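Notes follow once the structure below has been shown.
FYI, it's all coordinate maths here, none of it is from the lab. In this text, all values refer to a predicted model and were calculated from it rather than measured experimentally. Cβ atoms come from the backbone with ideal geometry, glycine included; neighbour counts cover every protein chain shown.
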Amino acid sequence: MCTKRAAVLTSVLFSALALVSCGGSERTGSAFCAQLGKEIPAIAQQPTTIDQISAMVDRYERLLEKAPLSIEKDLAVLTELLRTAEDVDPNKPDEVQTLADATYAANQSALAVRDWIKSTCAVDISTGLNIDPPRLPTTTVVGTTVAP
């Protein structure tokens, strides 16, 4: 049963991400990216046991605590989807179907989170790979000219 539940959660998590294929307590992009850096090695792994599924939910909850307002709502949708998947009985087709429907409904949120993480943290959350150096704000220096 644990293997079935893990398989369902894995399918849901990677389906949500496939459909779209920082430290401190502040809710900033840099704090979120730092937390993501701590979580990403395990997020990219497929959970196979109930304990691993629960740990995945915990990882997303920690990310949600750091999420800036710009992605908080969408990340909350994905976190809730994982919580729901954690409780699904894979032997009950109606629960599995409800979870599948919720996964499709979370597609827009998954897109938004994926794109925000790519552009802000330079990480592909579905694979855990860095895709580019992180984006740094540019600074503009206004030059002065001296009249002759």
Practice prompt. Determine, from the Cβ-Cβ distance of Asn107 and Leu69 and an R0 of 30 Å, the FRET efficiency 1/(1 + (r/R0)^6), rounded to the nearest 0.05.
Written response: 0.90
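Taking K and R as +1 and D and E as -1, what net charge do the other residues with C-beta under 13 Å from the C-beta of Lys38 add up to? Write out the running numbers ahead of the final one.
Working: positive: Arg59, Arg62, Lys66; negative: Glu39, Asp58, Glu65.
In short, 0.
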Worksheet item: How much length is gained if the chain between Asp94 and Ala34 is pulled fully straight, taking 0.36 nm per residue apart and subtracting their Cα-Cα distance, in nm to one decimal?
Response: 17.7 nm
